[in-house]
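All of the numbers you see were taken from the coordinates with simple rules; none came from a lab. These numbers were taken from a predicted model, which means no experiment stands behind them. Methodologically, a virtual Cβ is constructed for each residue, glycine included, from the backbone with ideal geometry; neighbour enumeration extends over all protein chains shown.
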Amino acid sequence: MRLTFSAIFSIAIAATALAQQQEAPAGARGGRGGRGAGPEPRIVTFEARPSSIRPGESAVLVWSTENPNGVTIDPEVGAVIPRGNRQVSPTATTTYTLSLRNGPSKTVTVTVAGAPLAKSSPSATVNTSSKAFRMPDGKPDLTGVYNFGGLPAGTKAPPIKPGAEKFVIVRGPNDVRGRTTLGTDCKPLGIPQTYITPYPFQFVQTPKLIVQIFEYPNAIRMIPLDGRPQAVDPDPTWMGNAVGRWEGDTLVVDSIGFNDKTEVHGFMHTQDLHVVERFKRLENGNLQYDVTVEDPNVWTAPWVIPARTFAFRPEAEWVEEFVCDANVDYNKLFKKE
């Protein structure tokens, strides 16, 4: 997938709103505020695969849009990202409508006809309990693709330390580059900021290592599970130096060694940033996420961010390739005439 003007615009506005308001609905996807100058929204494709099913079967809605100002699919699905897919299981023939805010819409129909499939034997029934997501050694299996999640409502940072005002990000209407870290420069957004971008991420788990892959901007994170201690003085990186451990069924990821080029939800930080994340897979496959961030040079206390949930994407085998072009002047898209 190649980065388009619309993708950049989506990331910029979503990140700006989250940073300035310090909250967003956990399920918000792909929406943004008023449109600036730029190409008109367009629906490239919208189809159902297959378009005809029997009762009890599922179909996958697949769509691609350009320059959207918010994308929804009705009924049932709701707000979605500009390009993606979603599994649906209608019990009767259903017409789905893909709508672009202030733009066109398109419909597809999933026809439900014929007799229901024979019921599976108990041994063949899909187990949706927590036992269905286990490694051979009994540890929880986090493998899979998940949607991003905005900041929970009510998220509020601790007070900043005296003299730390310079770390507060103040954005203007045309604030696209510089220290705004809006994602327009194709650089990694760091932890935990990267989870609010409107693109999915993936876990690939082995007994001794978890690989985390973020579709935007093709960022990769290694989390060893072999019991090693945290590095004493790691070289600063965009995504930090992580080590993981299990506390019961919860994966705890401790990260230090960040550079000072990323933001944390409206604040810049120093290389003393410390992030502790807790991942717990729920019985329905979703991922509960708790995170605490601290930087003794910025805030007076650790910032405990309320828990949110990343929705499991069972229809997605992996995240898509993302090619980001930083040699484009996107600033002109945001200038007022």
Among 249-261, 92-104, how do they line up by average Cβ neighbours within 10 Å per residue, starting with the highest? 249-261, 92-104
In what sequence do His274, His265 fall when counting other Cβ within 10 Å, fewest first? His274, His265
Segment Ser52-Arg101, length gained on full extension (0.36 nm per residue, minus Cα span): 14.8 nm
Pro224: net charge of surrounding residues, Cβ under 15 Å, Lys/Arg +1, Asp/Glu -1, itself excluded? +2
What FRET efficiency comes out for Arg228 versus Ala153 if R0 is 41 angstrom and r is the Cβ-Cβ distance? Round to the nearest 0.05. 0.65
Rounded to the nearest 0.05, what FRET efficiency do Thr45 and Asp141 give with R0 = 30 Å and r taken as the Cβ-Cβ distance? Could you check? 0.35
Relative contact order for the range 127-337: what percent, with Cα pairs under 8 Å and sequence separation of 6 or more? 26 percent
